[in-house]
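Presented below is the structure to which this report refers.
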C-alpha cells in the first residue's frame, strides 16, 4: 500500500483529530440499532416467543424443550448462515437441499461400500462438496446466467443423481443403511454425532440444577453436537463478515460487482468461494444427519434450500445482495425452529406452520426494504 | 494546436496516435493527449466522440490497436485496470465508484484493506481505517459524523469527492475523472470542481472528461476536443475563449445560433 502526501486545503490548517469524534453522540441508540441487519430478526424472535408464552404448554420453555427446538433449528441454521453469506455476495444457491442428499449418499458410500475410515470419508465428502460448489460458481460466472437458474438446474441434477446412485449402490433401494455398523466410536465420531458436555449435565443433575429422571440421570443428557456446530459457525461467519478483508469483499461483490472490480476486489474468486461454502455446509449437515440416523435417504434435505433462504431473509438479508448478517440468519433459523416445534406444544394444528412461514417471509422482506431505504437515504 | 507555455514539467501520461478498433468499428483513429503533474486537462466531446473508449484505453480496460502509450516517458501496455492503478493511473467512474450499502470506511479501503494480526486471525485494522477516513473526509470538507454511515447517505457530489480522495490517498499520479459533474446540481458541482482544483495544486495530473464546457472552463488548464474518434485540437485556456470551445465541440455554427436564441443557456 503506497500512500502519497495527503491533500490539505491551504486555507485550513490541519489540527489533530481526536480518536473519538464528539459528534458521535448525536447518533441515537435507535439509529445505531436500525443499522444492524439482524434487528428485525431479533424483534421477530421476541414476538414469537411472547406468542408461545401465552399459547403453548409450559413444557416448551424447559431445557429439554429448548433442545427439542434447537436441534432441527441448528441443521437449518448451518445452511442458512452459508446461504446468507452467499446472498450477501449477491447470489443464490438452490441446490443445497439436493446437495444434502447427494453428499449423504457419497459419504455413506465411502463408509459402507469403500470401507474408508470415518475421518477420511468426512474429508473426502467435504472436498467433493467443494468441487460441486466450484462447478456451480464457475458456471454462474462464466455463463453470466442468474445463479437462480444455474443452481435450480443442479437442484434437479443432484436429486436425480442421488436416486440413481442409491439404487445402483443398494440394488434398487432409495436408502443406504449400515453406517452404524462400520463407524468406530472415537474422537472423530463424537465431533459429528451424539451430544456434548454429558459430564457437565450429569453434574448439573447431581446438584439438582436441571430436571432429572427418577434414577438420577438428567433429562437432557447433553447438547447435540449439531447445536455446537451451529453456534460455532455463526460466530466464525460473523467475525469473517464484519472484521476481515474477505468479509469486506463479500459485501462489495454483492453490493456492486462492477464497482468492486474497479477497486481491485477479486469478485469471481469471492463468489466461487461462497458457492463452495454453501455446498460444504450442505455436506456438513449430511454428515451430521447420516451419522445420527445411521443411514442415508434420497429424500433428505427436500425444500431445505428454500427454508435456508427464508431464514436468511428473515435474518435481514436483502434479495438483491450486499446487505445482511450471519447473526440474522442464526436468529432466523431459531425462529423457524421455535415455530415449527412450538406449534406442537399448542392446541393449534401444526400445519399452520406453512401459513406462518409465508407471512413471516413477506413481513421480513417489506421490513428489510424499509430498513435499506433508511440506511442508504433512498427515497 | 499548441502546448501551454511556461509549464516545464514532463508529461506523466503521453499518448500518441492511439487507434482503437472494435471489429469493423473504428472508435479512435489517431488520438494524441498528454497530461502533466499539476494540470487539469479537459477532454471534451459530444456523445459518441470516443471519450469513453479513450479513457478506458488509458485506464487499462482496452488495449490500443496501435499507437504509443507512455507513462513517465516509458512505453506501457496495461493488462488490466489493476495494472494501470498500480502504475498510479486511477479512474473514477461516474456511478461505478462507490457501493451505497457499505460504510464510508469500507468503501474507502475496498480492495486495499489495512490488516492487523497474524494469519488465521488477520483482520481489518478498523481503528486506523476509521481514523484515516475521518481525517480525509474532513480535508475535503465533508461532515462525516460517523465513518460507519453508509455511502448511500452522502450526496452525489460527496460520493465523487470520496472516490477522488480515495484515489489520491492510495498514491494516484494521474486521476481520470469520467463525467464527475454530469449528474450533479450546482452546489455539488462547485464542490467537486473545488476539490479538483485542490488535487491539482498538490501536483497530480487530472484528465477531466465532460461535455459541459462551463465546467471544463472552470476547472481546466488545457482542453482537447474529440469528435468522431479524432482530436480536433488541444488548446491552452489562454488561447481559446469559452464560446469558441463550445462551437468546436458542437462542430458547427448551428449550435451557436441556437445557443443565441436560447439566451446562451446551453
Quiz item: Given the residues A:204, A:152, which is the only one that is part of a helix (DSSP H, G or I), within 24 Å of residue A:80 (Cβ to Cβ) and more than 14 Å from every other protein chain (Cβ to nearest Cβ)?
Solution: A:152
Quiz prompt | Evaluation of residue A:156 against (1) in contact (Cβ under 8 Å) with a residue 24 or more places away in the chain; (2) surrounded by 14 or more Cβ atoms within 10 Å (Cβ to Cβ) (one fails), failing number | solution = (2)
Self-check item: Hits in the range B:141-154 - residues which are touching a helix residue (DSSP H, G or I) at 6+ places or on another chain (Cβ under 6 Å) and within 30 Å of residue B:47 (Cβ to Cβ)
Solution: B:151, B:152
Quiz item: Considering only the range A:254-272, how many residues are in a helix (DSSP H, G or I) and either in contact with a helix residue (DSSP H, G or I) (Cβ under 8 Å, 6 or more places away or on another chain) or within 8 Å of another protein chain (Cβ to nearest Cβ) (or both)?
Solution: 13
Quiz item: Could we say that residue A:321 is within 14 Å of residue A:82 (Cα to Cα), modelled with pLDDT of 90 or more and not in a helix (DSSP H, G or I) here?
Solution: yes
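Residue-by-condition table, conditions (1) in a helix (DSSP H, G or I); (2) within 30 Å of residue A:105 (Cα to Cα):
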position	(1), (2)
A:227	yes, yes
A:231	yes, yes
A:252	yes, no
A:279	yes, yes
A:291	yes, yes
A:299	no, yes
A:302	no, yes
Quiz prompt | Top-ranked residue of the range A:238-251 - restricted to ones that are surrounded by 20 or more Cβ atoms within 10 Å (Cβ to Cβ) and either over 14 Å from residue A:85 (Cβ atoms) or free of Cβ contacts under 8 Å to residues at least 24 places away in the same chain (or both), ranked as nearest to the other protein chains (Cβ to nearest Cβ) | solution = A:248
Self-check item: One residue from A:332, A:316 being assigned to a loop (DSSP other than H, G, I, E, B) and either modelled with pLDDT of 90 or more or touching a helix residue (DSSP H, G or I) at 6+ places or on another chain (Cβ under 6 Å) (or both)
Solution: A:316
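Okay, residues lined up against (1) touching a residue at least 24 places away in the same chain (Cβ under 8 Å); (2) crowded, with 19+ Cβ neighbours inside 10 Å; (3) within 27 Å of the chain's Cα centre (by Cα):
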position	(1), (2), (3)
A:200	no, no, no
A:211	yes, no, no
A:214	no, no, no
A:229	yes, yes, yes
A:236	no, no, yes
A:254	yes, yes, yes
A:267	no, yes, yes
A:282	yes, yes, yes
A:287	yes, yes, yes
Quiz item: In this structure, does residue B:192 turn out to be away from chain A (no Cβ under 11 Å), within 17 Å of residue A:251 (Cβ to Cβ) and outside any loop (DSSP other than H, G, I, E, B)?
Solution: no
Quiz item: Taking residue A:275, is it assigned to a helix (DSSP H, G or I), surrounded by fewer than 24 Cβ atoms within 10 Å (Cβ to Cβ) and within 16 Å of the chain's Cα centre (by Cα)?
Solution: no
Quiz item: Do we have any residue at all in the range A:82-104 that's under 29 Å from residue A:334 (Cα atoms), part of a helix (DSSP H, G or I) and free of Cβ contacts under 8 Å to residues at least 60 places away in the same chain?
Solution: no
Self-check item: Sole residue being under 30 Å from residue B:141 (Cβ atoms), within 13 Å of chain B (Cβ to nearest Cβ) and modelled with pLDDT under 60, chosen from A:22, A:32
Solution: A:22
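Go over the candidates A:336, A:348, A:306 one by one and state the one that is more than 14 Å from chain B (Cβ to nearest Cβ), at negative phi and crowded, with 22+ Cβ neighbours inside 10 Å. Can you show your working first?
Working: A:348 fails: crowded, with 22+ Cβ neighbours inside 10 Å; A:306 fails: crowded, with 22+ Cβ neighbours inside 10 Å.
Every option except A:336 fails the conditions.
The values are calculated or read from the model by the stated rules, or taken from the named source; none is laboratory data. Here the structure is a predicted model, which is why all the values come from computation and not from measurement. Please note: Cβ atoms are built from the backbone with ideal geometry, for glycine as well, and neighbour counts cover all protein chains shown.
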